[in-house]
Amino acid sequence: MIKELKPLSSLAALLGLLTASGLVLAVYYNPWHAFASLGFIEREVNEGWLVQAYHATGTTLLFGLAYLFLFRAMLARGYRAPDDLAWALGVKLLAVLLLAGWLGFVLTGGAAAYWALVRAANGALALSGAAGAIGMWFFGGPAGEGTLARLALFHAVLGVAALAVLAAAYRRLKPKMSPGVCLDHLARFAVLALIFSVLAFFFPHLGQPAVNALPGDPLTLPLGTALPWYLLPLAGIADALPGAWGGIIGVVGAVAVLAALPWLDGSGPEAVRSRWYGVLTWVWGLDVIALGITATARDCPQASLLLALFALWYFFHFLVLVPLVTAMEAK
Amino acid sequence: MMRRFFAPLLALGLVLAGNAQAQDTLSPLHFQSDGPLGGIDKAAAQRGFLVYQTVCAACHAASALHYRDLEALGLTSDQAAGVAAGVKLADGSAATLDSPFKAPAMPASAFGGAVPPDLSSIAAQRPGGAQYIYALLTGYTTAPDGVTMLPGHFYNKAFPGGQVAMPPVLRDNAVTYADGTPATQSQEAADVAEFLTWAADPNLGTRHQIGLRAVIFFTLLSIVAIAARRGGGG
């Protein structure tokens, strides 16, 4: 059980940092002048630039660790019993983080954030029936300054939700403390803090679209998909499918197949590592990276074709290859 | 049109009088703010502020900056106040330490339809930052054959598309540097690029300084912690 606990302590430390820095940012954030208030935090608030860099870098590291841990669990088939609940909580945490991460990016009020919000709000409001009603409730109408005020609240609520999911995982895994575990935690904390310092102090804008340094403006249109790196694979899947419904189904489906992995794996609990499953999972990992890279390279004429291929492979892997390979191996 | 007047010159003369002449940063072109451990060259940024104030500020605002922020470049509070006192606001009164670097309120038609962008964060907003600003300010040439110029535009090899609505404003001796640095066009362009780099990221030097200490500390802590785990925890 200690093995599963290691990622949890790093994730908990980073979520704690994000909560603390987010509280400071929330004090000075003004949704009606979002971009200007971020400039105010960076220039006028005492050490505000530091808090902002912590928040941005904490997000980058949190997503990096969450993706790595989920991928490692996939490779080691850690999603099967008895760890199936830990896997379910992990996917749930990723879903909450993705939504909170998107909201946090939109709150910056830069040019890329402005257009991400306008596109999402217009898409959601164009839907009919219950989906449109949910979109109306979420965005409160076409994108405007008031939208950011309610999204700031949702961002904070989702942050608390992520903490709650982590707390549930802790309760499930019941950590034991011993000198060995403490030393282990200390080593992890030190290495994490080292990576964090390098990113926060020398690459504070790592993975952020450069166009977001411009204030949000109807006349400043980013070329292609301009989103932070941790949203790019999902954005690639959403872009590959046509229309607002295509985007929604793509994003929800991409997370849902991850959650469904314990049932898609047809092998019994006694099966150990399979070579083919490992190879396929690595190919899938490369496919996710390729999705993210292609999503930003929209000026390449073949981009939409490649995007469709990569998105197809993403679902093909979970819905066809994984059941097939694991069922063959169970024979 | 020329709203700023020359009291800033006097104030800056006080600041820079003791400083040595600038090092040659033009051949090859480099900035002290470049690189992972770079910091702002305060003397260059002060000279760049002089260029901004006497040339750029006639059209461009930098409204995220206040006159008190100049203290971070080495001016005393009195000197910054002296700079502000030389600036006339729209109602005729003098600027204060808390006044932002405003542009004159002129319609877009006064600029041939192209509104001059706010320069507060321009070094962060344009790919290439200081290098791009330098290249743009020194990039005016005659248009190559076969290029039809838009009305009111100037050919600039650094500008995307080659045609920019901003006229070539920097020329030799557009300002007089109190520290004796020759005010060539390239020197002015390099100095204002350093100033705008500071304006876009005022904490650049501090960030790198804290970062270096943090990296050294956590490297040592990592070594100790990993060694302790090997030895103690098995």
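Tabulated values for the structure
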{"quantity": "Protein-protein interface of the range A:30-45, residues with accessible area decrease of at least 10 Å², isolated chain reference, 1.4 Å probe", "calculated": "A:42, A:43, A:44"}
{"quantity": "Distance from the range A:6-24 to the range B:167-234 (C-alpha centre basis), Å", "calculated": "29"}
{"quantity": "Interface B:A - total buried accessible surface [probe 1.4 Å, Å², rounded to 100]", "calculated": "2200"}
{"quantity": "In sequence order, calculated HN-Hα J values of the range B:25-33 (Karplus, 6.51, -1.76, 1.60; Hz; x Gly/Pro)", "calculated": "10, 9, 10, x, 5, 8, 10, 5, 7"}
{"quantity": "Residue B:172 paired with residue B:210, simple spin-label distance in nm, labels 7 Å along Cα-to-beta-carbon", "calculated": "4.5"}
{"quantity": "Surface per residue (accessible, 1.4 Å probe) for the protein assembly as shown, Å²", "calculated": "48"}
{"quantity": "Separation of the residue A:217 and residue A:122 label points, Cα + 7 Å toward Cβ, nm", "calculated": "1.9"}
{"quantity": "Selected from A:37, A:197, A:21 as most flexible by GNM, with chain A as the system and alpha-carbon contacts under 10 Å", "calculated": "A:197"}
{"quantity": "Residue A:130 paired with residue A:32, simple spin-label distance in nm, labels 7 Å along Cα-to-beta-carbon", "calculated": "3.7"}
{"quantity": "Hz values of 3J(HN,Hα) by residue in the range B:209-226 - Karplus curve (6.51, -1.76, 1.60), Gly and Pro given as x", "calculated": "5, 4, x, 4, 5, 4, 5, 4, 4, 6, 5, 4, 4, 4, 4, 4, 5, 5"}
{"quantity": "FRET E, pair residue A:164, residue B:77, Förster distance 35 Å, beta-carbon r, rounded to 0.05", "calculated": "0.10"}
{"quantity": "Backbone HN-Hα couplings from phi across the range A:281-288 [Karplus 6.51/-1.76/1.60, Hz, Gly and Pro as x]", "calculated": "5, 5, 4, 4, x, 5, 4, 5"}
{"quantity": "Protection-proxy order for peptides B:120-133, A:101-114, each taking the mean of Cβ atoms within 10 Å per residue, highest first", "calculated": "A:101-114, B:120-133"}
{"quantity": "Accessible area of chain A belonging to carbon and sulfur atoms, whole % at 1.4 Å probe", "calculated": "73"}
{"quantity": "Sorted peptide list for B:40-52, A:38-50, criterion being average Cβ within 10 angstrom, highest first", "calculated": "B:40-52, A:38-50"}
{"quantity": "Distant-in-sequence amide H partners of residue B:65 (H built 1.01 Å from N, under 5 Å)", "calculated": "B:101"}
{"quantity": "Average beta carbon contacts from partner chains per residue of B:207-219, 10 Å cutoff", "calculated": "5"}
{"quantity": "Hydrodynamic radius (Kirkwood) for the range B:36-128, which is based on Cα pairs only, to one decimal in Å", "calculated": "14.4"}
{"quantity": "Residues residue A:255 and residue A:145, FRET efficiency given R0 of 30 Å [Cβ-Cβ distance, rounded to 0.05]", "calculated": "0.50"}
{"quantity": "Shielding by partners - mean other protein chain Cβ count within 10 Å, residues of A:194-206", "calculated": "5"}
{"quantity": "Net charge dipole size for the protein assembly as shown [Lys, Arg +1 and Asp, Glu -1 on Cβ; Debye, nearest 20]", "calculated": "1760"}
{"quantity": "Test item: A:48-55 mean partner chain Cβ contacts at 10 Å", "calculated": "2"}
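The values are calculated or read from the model by the stated rules, or taken from the named source; none is laboratory data. What you see is a predicted model; the values in this text were computed from it and never measured. Cβ: placed from backbone, ideal geometry, glycine included. Neighbour counts: every protein chain shown. Quick note on the areas: whole protein, heavy atoms, side chains included, nothing else; ligands and nucleic acids left out. Shrake-Rupley method; radii C 1.70, N 1.55, O 1.52, S 1.80 Å.
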